Amino acid sequence: MSEIKTLSKNGLWENNPALVQLLGLCPLLAVTTTVTNALGLGLATLLVLVGSNITVSLVREWVPNEIRIPVFVIVIATFVTMIELLMNAFAYSLYLSLGIFIPLIVTNCAIIGRAEAYASKNPWHLAAYDGLAMGLGFGGVLVLLGAVREIIGQGTLFDGAELLLGEWAAALRIEVIQFDYPLLLAILPPGAFIGLGFLIAIKNGIDRLHAAKQEKQAVTKATRARVTGQT
Amino acid sequence: MIFKNMKKNGLILGAFALAATGLLVVTQFLTADRIEQQQRAELMGTLNTLIPEEMHSNDLFADCTLVTNPDVLGRSSPQPVYRARSTNGNTAIAIRTTAPNGYSGNIDMLVAINTNNKVMGVRVLQHRETPGLGDKIETRKSDWILSFTQQNIPAQESPRWEVRKDGGAFDQFTGATITPRAVINAVERTIIWANAQQESLFNAPSNCQQSGDSR
């Protein structure tokens, strides 16, 4: 139970692949122009992460230490190719808009990083959960960054969601602000860097606030102890 | 000792590669039909919006000939041309053409003209233009591409077929001129050429399926 808790905390916050480990920046920066694209890539990455983590964990007994990296690469590449084929077959319009970014999941170091750091040393159910937590952490940042860039760049939210979720999702589209000129900077890659920088800053800010609070609590506790000691 | 180890590791690696390949073969086998169907449906959908049902009685997708003309069609590989015929004769053709000079590479389009000197419509099939700027050439993003519909086909290159900035009759987008310029020029080249070659395009044999080109 506590292992599960640590894994969730690590994946979603303390060791978040996008905000702390800064892994997988290439797809992260390229795809987060809209929430829909971000969500699509987030889901695909999540699937690959969980799949590769489980597989790596299951075969860890049979893989000698010297050739573990090539084996991980084979496993990850296989999963990505399978997902690309499946997406091409069953979510064609999303495949058209995510296009070249699907094969890029292979280059997402977060995946081989988790295989090496966690899955190759732990039983499969924990490895699966680790993949889920890390995938959610990564996908969450993707969606958040996508939302910020979409609002600033285009003034909309969930534009084109029907490509990912089916016709009903067309109603999700929200026009937040009406622009005559799109704010180019937010849509182009520099905007992604700036946006990610702000997200990291906010995360660090929250961490610092939290730490300060805890320190204060510890101090008051200690003083109180001394007070009671004197009486 | 070291050779024994190498052999063992090699065998294990080989086994993994084999298993992975097997898995991929199965997935590809299971999805191949569906992927082709999807691509065909997409192209069929585009073809049918450009050339309405009542204009043809033939199977547009099958009545197709391959043409190689890098100067006009923008690619050194063959591009398909679809012919629409009704009981009263030839009605329209749809040409796959490529603008090689987009902001980020090729812009693949489908251009349809009828036999009365008019453009029936243009649609973009594939492109890599900047999201939010150049991608307004998609119907999903903007109606711009519809401005070609019902235009008269000029006999030769005409100054009207330029973006407004260059003195022509077509709007550019805010912040993007290269993309519409590339599209307009490619469409102009294609329709002038296709209009002049109509006879031979209609008479060319159907050979798209044989070469297995289902794009």
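Just so you know, all these numbers are worked out from the coordinates, no wet-lab data involved. Predicted model, so just to flag it, every value in this text is computed and none were measured. Note that we place each Cβ from the backbone using ideal geometry, even for glycine, and neighbour counts take in every protein chain shown.
Would the protein assembly as shown count as rounded, prolate or oblate if I go by the C-alpha gyration tensor, calling it rounded below 1.5 in a/c and otherwise prolate when a/b exceeds b/c, oblate otherwise?
On the way: a/c = 3.10, a/b = 1.67, b/c = 1.85.
Oblate, because a/c is 1.5 or more while a/b does not exceed b/c.
Given the options B:170, B:202, B:16, which has the most mean-square fluctuation in a GNM of chain B, springs set between C-alpha atoms less than 10 angstrom apart?
Maximum fluctuation in the GNM of chain B, among the listed residues, is at B:16.
Using a Gaussian network model of chain B whose springs link C-alpha atoms within less than 10 Å, name the residue from B:183, B:122, B:25 with the highest mean-square fluctuation.
Taking springs between Cα atoms under 10 Å, the residue moving most is B:25.
Select from B:58, B:114, B:195 the residue whose mean-square fluctuation is largest in a Gaussian network model of chain B (Cα-Cα springs shorter than 10 Å).
Among B:58, B:114, B:195, the largest GNM mean-square fluctuation belongs to B:58.
Helix-derived [θ] at 222 nm for chain B: sum -39500 (n - 2.57) over DSSP H runs of at least 4, divide by residue count, nearest 500?
Numbers: 4 runs with 78 residues, N = 215.
Value at 222 nm, helices only, nearest 500: -12500 deg cm²/dmol.
State whether the range A:92-147 is rounded, prolate or oblate according to the following rule on the C-alpha gyration tensor (a ≥ b ≥ c being the square roots of its eigenvalues): a/c under 1.5 gives rounded; otherwise a/b larger than b/c gives prolate, and the remaining case gives oblate.
On the way: a/c = 2.44, a/b = 1.80, b/c = 1.35.
Prolate, since a/c reaches 1.5 and a/b exceeds b/c.
Can you give the average number of partner chain beta-carbon atoms within 10 Å of each beta-carbon in peptide A:54-63, as a whole number?
Details: counts 0, 1, 0, 0, 0, 3, 0, 0, 3, 4.
Mean shielding count: 1.
Where does the Debye-calculated log10 I(q)/I(0) of the range A:112-216 sit at q = 0.11, 0.15, 0.16, 0.24 Å⁻¹, using only Cα point scatterers of equal weight, no solvent?
Calculated log10 I(q)/I(0) at the listed q: -0.57, -0.89, -0.94, -1.16.
Any chance you could get the radius of gyration and Dmax over the Cα atoms of chain B, in Å?
22.2, 82
As an exercise, identify the GluC sites (Glu not before Pro) in the range B:132-186 lying in DSSP coil whose Cβ has no more than 14 other Cβ atoms within 10 Å. Intermediate values should be presented prior to the final figure.
Details: sites: B:138, B:157, B:162; in loops: B:138, B:157, B:162.
Loop-located and lightly packed - B:157.
Within the range B:31-122, which GluC sites (Glu not before Pro) sit in a loop by DSSP and count at most 15 neighbouring Cβ atoms inside 10 Å?
Details: sites: B:36, B:42, B:53, B:54; in loops: none.
Those that pass, being in a loop and sparsely packed, number zero.
For residue B:201, what charge total do you get from the other residues with a beta carbon under 14 Å from its beta carbon, if Lys and Arg give +1 and Asp and Glu give -1? Provide the component values of the computation, followed by the final result.
Numbers: positive: B:83, B:85, B:96; negative: B:63, B:199.
That sum, taken over residues with Cβ under 14 Å, equals +1.
If contacts are Cα pairs under 8 angstrom and at least 6 residues apart, what is the relative contact order of chain A in percent?
Details: 300 pairs, mean separation 68.9, N = 231.
Computed value for chain A: 30 percent relative contact order.
Pull out a ≥ b ≥ c, the square roots of the eigenvalues of the alpha-carbon gyration tensor of the range B:1-50, then state rounded if a/c is under 1.5, prolate if not and a/b is larger than b/c, and oblate in the remaining case.
Details: a/c = 12.57, a/b = 5.23, b/c = 2.40.
Judged from the Cα gyration tensor, the range B:1-50 comes out prolate (a/c at least 1.5, a/b above b/c).
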